[in-house]
Amino acid sequence: MSLCISVLCGCTPKTVDNHSGMDAAATTEKYDTYTGKAPLKTVHFTVSDPQNTKGLSTKKIAHSFGVASKGEAHEIAKQSQRFFEENKVNAITYDTRGEKVLYLTFDCGYENGNTEIILDVLKEKKVKAAFFCTLINIKSSPELMARIINEGHILGNHSANHPCFDEISREKMAKEVEDCDNYLREKFGYTSPYFRFPKGEYSESALELVNSIGFKCVFWSLAYNDWNTDQQKGGDYAFEKVTSRLHPGAIILLHSVSSDNAQAMGRIIDYAREQGYEFRTLNDL
């Protein structure tokens, strides 16, 4: 796998402090991006073995994790993590080190007003999370994406168009990741090395491809049926589902479209901390 990098020029003129007559670029220079950060170089991923001559399996694998209980990850989640480790795959289902830590992650396919509420709670509680967003979502809500980045959260790559990665070519896989990453680089001055497969569906070939272009695949060990906006059951329901499944090292997957999650977020964080858990970010792994 070779990584070809092309330069994106997005600089704006430097500003001058009229009071001092000195170049004030170091402190006041701003850029025409949604975050105000300098654009980053765009990347082009050249795919090695585009025809999969190595014969890596293209069979669909739907990520499974089981329902954690009694403060312990389900055996299915343990099997998933062992598979990644034994095959030296740069992917994670949960943190196996045994510490009472939690990693809060959200999948964002579209926006319906709940992400702002969740961000307000995270800011109040001083918790950093990861938001996995599609390019479609990023383009439709750029100010919200800028807030996620500027408030210190991780904005993860969830592909450009949310396809099933076991059903597309290796070149198309790379293009899905590349298009999302480059838009963040160009329009937000931002990139992160984390990728989440749409629907949690992948193949061995897809895992290898995503790793080969420099991304860590992030799965989860704790989730519940929260994505259907027509079947929200209230904050108490979300609180019970999440807190009953907490376990050391859990990577929690929630959907930001859920009003239940928005209502329960503060209570979930408070309860977890009362039980001795610490919230960390994917960068701590």
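For segment 30-47, which residues satisfy the criterion of being in a strand (DSSP E or B), within 14 Å of THR191 (Cα to Cα) and in contact with a helix residue (DSSP H, G or I) (Cβ under 6 Å, 6 or more places away or on another chain)?
Step one: filter segment 30-47 for residues in a strand (DSSP E or B), giving 42-46.
Restricting the remaining residues to those that are within 14 Å of THR191 (Cα to Cα) gives 42-44.
Listed by number, the list holds a single entry, THR42.
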### Message
Anything in segment 38-59 that is touching a Leu at 6+ places or on another chain (Cβ under 7 Å) and among the charged types (D, E, K, R)? List them, or say none.
### Response
LYS41
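Residues checked against (1) under 27 Å from PHE65 (Cβ atoms); (2) crowded, with 18+ Cβ neighbours inside 10 Å; (3) touching a Gly at 6+ places or on another chain (Cβ under 9 Å); (4) of a type in the set (S, T, N, Q):
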position	(1), (2), (3), (4)
ILE117	yes, no, no, no
LYS123	no, no, no, no
ILE136	yes, no, yes, no
SER141	no, yes, no, yes
GLU167	yes, no, no, no
### LYS41 under 24 Å from the mean Cα position of the chain (by Cα) and surrounded by fewer than 13 Cβ atoms within 10 Å (Cβ to Cβ)
no
### Query
Taking interchain pairs and intrachain pairs at least six residues apart, which have beta carbon atoms under 9 angstrom, with the first residue in segment 196-217 and of a type in the set (Val, Ile, Thr) and the second assigned to a loop (DSSP other than H, G, I, E, B) and surrounded by fewer than 21 Cβ atoms within 10 Å (Cβ to Cβ)?
VAL210/ASN90; ILE213/MET1; ILE213/VAL47
### Single match in LEU253, LEU184 (criterion: out of contact with any His (no Cβ under 8 Å at 6 or more places or on another chain), assigned to a strand (DSSP E or B) and under 20 Å from GLU111 (Cα atoms))
LEU253
### Task
Please find, within segment 56-72, the residue that is surrounded by the fewest Cβ atoms within 10 Å (Cβ to Cβ) out of those that are touching a strand residue (DSSP E or B) at 6+ places or on another chain (Cβ under 8 Å) and either modelled with pLDDT under 95 or assigned to a loop (DSSP other than H, G, I, E, B) (or both).
LYS60
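State which residue is surrounded by the fewest Cβ atoms within 10 Å (Cβ to Cβ) when the search covers only segment 187-215 and only residues that are part of a helix (DSSP H, G or I) and small (Gly, Ala, Ser).
Of the residues in segment 187-215, the ones part of a helix (DSSP H, G or I) are 187-188, 198-200, 204-212.
Narrowing the set further to residues that are small (Gly, Ala, Ser) leaves 200, 205-206, 212.
On the way: GLY200: 16, SER205: 21, ALA206: 24, SER212: 18.
Among those that are part of a helix (DSSP H, G or I) and small (Gly, Ala, Ser), it is GLY200.
The values are calculated or read from the model by the stated rules, or taken from the named source; none is laboratory data. The shown structure was predicted, so the numbers you read here are calculated from the model rather than taken from an experiment. Here the Cβ is made from the backbone with ideal geometry for all residues, glycine too, and neighbour counts use every protein chain on show.
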